[in-house]
1. What is the spin-label model distance, in nm, from residue 405 to residue 112 if the labels are put 7 Å beyond Cα along the C-beta direction?
2. All other residues with a Cβ under 14 Å from the Cβ of residue 244 taken together, and with Lys, Arg as +1 and Asp, Glu as -1, what is their net charge?
3. What does the highest-first list of 236-245, 204-213 look like by mean Cβ count within 10 Å?
4. Identify the residues of region 153-187 with backbone N under 20 Å of a label point that sits 7 angstrom from the Cα of residue 261 along the Cα-to-Cβ direction, or state none.
5. Could you give each residue of region 178-195 its phi-based ³J(HN,Hα) in whole Hz, using Karplus coefficients 6.51, -1.76, 1.60 with θ = phi - 60°, and x for Gly or Pro?
6. Please report the antiparallel percentage of DSSP beta bridges with both residues in region 131-278, rounded to the nearest 5.
7. Counting only residues 5 or more places away or on other chains, whose amide H sits under 5 Å from the amide H of residue 169 once H atoms are built in the peptide plane?
8. Could you rank the peptides 221-227, 317-323, 262-268 by their average count of other C-beta atoms within 10 Å per residue, with the highest value first?
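What follows draws every value from the coordinates through simple rules; no lab data is involved. All figures in this text were calculated on a predicted structure; none of them were measured in a lab. Methodologically, a virtual Cβ is constructed for each residue, glycine included, from the backbone with ideal geometry; neighbour enumeration extends over all protein chains shown.
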Amino acid sequence: MVGFIVREIYKSDLDMLFRQSLNQSDSRIELFEYADIEILNRDSVIYHHKAEGNHFSSNNGILIQSSPSNRQWSDFGQMTMRINIPKVSMLNLMIEEQEYLLFLPFFIYMLSYLTLLQMLKGLREGDKQYFDTLTQTYNRNGLHQKVYKKIEKAVSTNKTAHIFSIDANKFKQINDKYGHDVGDKAIKIIATAAKHICKSDDDIVRLGGDEFLIVLYIASEQEFEHEQFMGRLNQKIAYDCKAQSIPRFTVSAGYVVFDLNSHQSLSQMIRSADSIILSKKSVEKIEMICEEFDSYDINLSADELKLKLDLNERLNFIQAEHFLQHELNAKVLRAYHNDLNYLMSNYFQMMFSCTRENDDLHHFRMKIVDSHYQTGISMSVFYFLFVKYSNFLFRNIELSDEEIVVNNRVLSYELHFISNLKMR
């Protein structure tokens, strides 16, 4: 009881004792100007200093309390100290104590800004290897390092990758006739048109020359018309060609869909798209050549046509097949599935039997060429076989001067056709 009476008597002197203690310390911080200070005897407050003008709450203050290990025993019992300082006041204390801290946020900002600039510059420099300089689209390196991963991620999240292998039609003629500067403009037009109709998260890759790969990421349940997409692409290209005064051209595409149900790998699917466009362009080119080499253009007179038909009756196709068979090695025969002699004989029979009324040579040319390309043998070989077979066909045939003229016109015309296929 006596101890508590003494505590109450000297309690009024605690404020003076705290001030003297602070004044004698090496620190220049005056806590009394900012902080609320409480001295507690167990859970009972025996001294409270309230800083003027400060309003404390749980959100704007920083509470500091002596830890149990630092608690000191006195005659009054166990005593602890609790200091509550506003966050703004704590900042003021720091600045008063260390004035250079006033510039610390600025230094931190500048350091962060410069570091970010260096990081962005490094990213830009690193990304250059993935982009084509002419079109600012991905290059082949970007396809393998960036686009492949993006396609696989999209497919894993229930999206479908619609892949277009794009190739310009008659691009070589543009380069040859108007120069590479116009050719570069045409390539840029393809890239610009693709960017215009694609969404921001779709990918465009320039594989080289006028060849592009376009990847569209579409939700699996969403319908998509690839022919409509190609129509829009060619419309945009036509508009830009007119605006920039360069020769109008179109693009063709091989189209495949890659999703979770795809039985081929991603690289196989892209190769399939490439094969489709190559096959499509080959067929388009062959059809165009066949149309140009219609038998009507030989312009045979009625007498010349009769000579050709009579000549057809005299030709021994079976004997020519037999001679050719012995000239060919097993590898070539296997490549043509042993149908070469039959195809060649039918080709020549169509050449010499067609008339203006029964002309079906165009369709038979397509059949011959299609069968040939399935073998994978170059057209130069087919050209050689054509000449070889014709020599066998006319080896033992006596021809009049008029028949020689007609025969030469027919053969030279078809050889011209095959030469165009060789050079395609």
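1. 9.4 nm
2. Details: positive: 185, 188, 236, 242, 248; negative: 181, 184, 240.
With Lys, Arg at +1 and Asp, Glu at -1, the neighbours total +2.
3. Working: 236-245: 14.6, 204-213: 20.7.
Top to bottom by mean Cβ count within 10 Å: 204-213, 236-245.
4. 153-164
5. With the stated coefficients, region 178-195 comes to 10, x, 6, 5, 5, x, 5, 4, 5, 5, 4, 5, 4, 5, 5, 5, 5, 4 Hz.
6. Working: 23 of 24 bridges.
About 95 percent, rounded to the nearest 5.
7. Counting only residues 5 or more places away or on other chains, the set is 250, 251, 252.
8. On the way: 221-227: 9.3, 317-323: 15.4, 262-268: 12.0.
In descending order of packing, they fall as 317-323, 262-268, 221-227.
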